[in-house]
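I have placed the structure first, in the form of structure tokens, so that the comments after it can refer back to it.
The values are calculated or read from the model by the stated rules, or taken from the named source; none is laboratory data. Computed from a predicted structure; not experimentally measured. Virtual Cβ from ideal backbone geometry, glycine too; neighbours counted across all protein chains shown.
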Amino acid sequence: MNSAIEQRRRLVTELPGPRSRALQERKVAAVSAGVPTGLPAYIVEGRDGILVDADGNQLIDFGSGIAVTSVGNGNPRVVKAVQDQIARLTHTCVMVTPYEPYVEVCEKLNALTPGGHDKRSALFNSGAEAVENAVKIARHFTGRQAIVAFDHAYHGRTNLTLGLTAKNMPYKDRFGPFAGELYRVPMAYPYRWPGGEKACESDAFDYITDQVHAQVGEHNTAAVIIEPIQGEGGFIVPPAGFLKELALWCAEHGILFIADEVQSGFCRTGDWFACDAEGVVPDLITTAKGIAGGMPLAAVTGRADIMDSIHPGGLGGTYGGNPVACAAALASIETMEADGLAERARAIGEILTGRLTELGERFPQVGEVRGRGAMIAMELVEDRETRKPAAALTAAVNKACHSRGLVTLTCGTLGNVFRFLPPLTISDDLLAEGLDLFEESFAEAVAAIG
Ligand SMILES: *Cc1c(COP(=O)(O)O)cnc(C)c1O
């Protein structure tokens, strides 16, 4: 039983060990080269903040499978809910014959997402699918076609969502043409706004909305889609008040405001949703990742008038809102409530921010530490004057972490951001041990490449 996994790192072989290396050989021979592996240690079991590989090494998990296992791997409530549900009913397709867990997940989403207004939800399989459906719904409801997205945005890898995603390599390169009527505007990115943080605070909103006015036209715009804290693009937090101003501007022009909270949602940032911290109420919100403890589930939740404007059969899919995934979501949500995981995310955020800020006092390569709750990042630069991105150093730190058995992730359009996404159930001791390893790795990489 994996509840016996001690919450400590333990290395019994080099990384990856012989069993993982043999599996990696099979992987290369069987799996498309397009699907890469960050750290080729093959995981056989996991619990909370520890992943155990095929060689018996215990790794510390600072990635949660990209912000998915927020309630911890092998969460007992999720495991039991999944086992009970799959034994009772595996699948029917909700459009053929329905079942209660689908309805209950939608009820929970309608209650937990920002705003006390009447809402409806629809369930899907992945974040990209939720984003695609939010775009469909926004176009259908408004009768307009243009969708405005941002620099550094990540909204998925399907054709429509790739058109919204900003970064070429590795996501978009040679995969075009992309869908039409998708427009991109600059992101309110304080650290890299021309003229700096203060200028971003005062100018970003006007600059961005002027761009929409001039290049698209408000009356042509169905929706503006934004990650309240950008994920893959570098954990970019816009200035306080920017999102609210943008949402108000959207409302004034009949443009729907879509918050893509696939990565930032479900307690990750210390609230149920990142929008909560600023009192922003989106018209539509997309969720996935942390929603179901690792089972594939995603959702679009939004104003009832918008969501109910779609004709029957206009939304759906074979697997979307599968009963087992729904049972996992209900158990995850129950865990977040019962175990106070939003509060825990804030505590984790304080620990991470404290330690990383201290590291920044020793190393000028630490450009900025930012984020909220347990969604914290460090942007690495060659020096603080030029703020030139240090992508090679970032990759070297990541590699050094991996060799020590710390599972870490980078991000950022320029490849120079280190992100921290531990499970919210990680213990203080394990978090501290992981941060010790990170600091060692950082110093080692700086010594090697500066
Ligand atoms: C991961 C992510 C997506 C895509 O989700 P998938 O489940 O990988 O399709 C969309 N939006 C954001 C903000 C994400 O972080």
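Checking the range 294-310 against the condition returns a match, with at least one residue being farther than 23 Å from VAL96 by Cβ and either within 14 Å of the ligand (Cβ to nearest atom) or outside the structural domain of THR97 (by TED's automatic domain parsing) (or both).
Residue pairs whose Cβ atoms lie under 6 Å apart, separated by 6 or more positions or on different chains, with the first residue in the range 251-262 and outside the structural domain of ASP305 (by TED's automatic domain parsing) and under 20 Å from PHE273 (Cβ atoms) and the second within 16 Å of the ligand (Cβ to nearest atom) and not β-branched (Val, Ile, Thr), do not occur. With respect to the conditions (1) in contact with a strand residue (DSSP E or B) (Cβ under 8 Å, 6 or more places away or on another chain); (2) surrounded by fewer than 24 Cβ atoms within 10 Å (Cβ to Cβ); (3) over 21 Å from ARG419 (Cβ atoms), PRO282 lacks only one, and its number is (2). Filtering PRO423, PRO364 for residues that are closer than 23 Å to PRO16 by Cβ, part of a loop (DSSP other than H, G, I, E, B) and of a type outside the set (Val, Ile, Thr) leaves a single hit, PRO423.
Every listed requirement among (1) part of a helix (DSSP H, G or I); (2) within 24 Å of LEU424 (Cα to Cα); (3) away from the ligand (no atom under 16 Å from the Cβ) is met by ARG47 save one, (1).
Tell me which residues, restricted to the range 55-114, are assigned to a loop (DSSP other than H, G, I, E, B), more than 30 Å from LEU437 (Cα to Cα) and in contact with a helix residue (DSSP H, G or I) (Cβ under 6 Å, 6 or more places away or on another chain). Residues satisfying the conditions are LEU89, VAL94, TYR99, PRO114. Taking (1) assigned to a loop (DSSP other than H, G, I, E, B); (2) surrounded by fewer than 20 Cβ atoms within 10 Å (Cβ to Cβ); (3) within 16 Å of the ligand (Cβ to nearest atom) in turn, TYR171 satisfies each apart from (1).
Just to be sure before I move on: is ARG139 away from the ligand (no atom under 15 Å from the Cβ), touching a residue at least 60 places away in the same chain (Cβ under 8 Å) and assigned to a helix (DSSP H, G or I) in the structure I sent?
Values: away from the ligand (no atom under 15 Å from the Cβ): yes; touching a residue at least 60 places away in the same chain (Cβ under 8 Å): yes; assigned to a helix (DSSP H, G or I): yes.
Yes; evaluated as a whole, the condition is true for this residue.
Here the range 151-168 is the region considered, the condition is being away from the ligand (no atom under 11 Å from the Cβ), outside any loop (DSSP other than H, G, I, E, B) and not polar (S, T, N, Q), and the residue that is surrounded by the fewest Cβ atoms within 10 Å (Cβ to Cβ) is LEU160.
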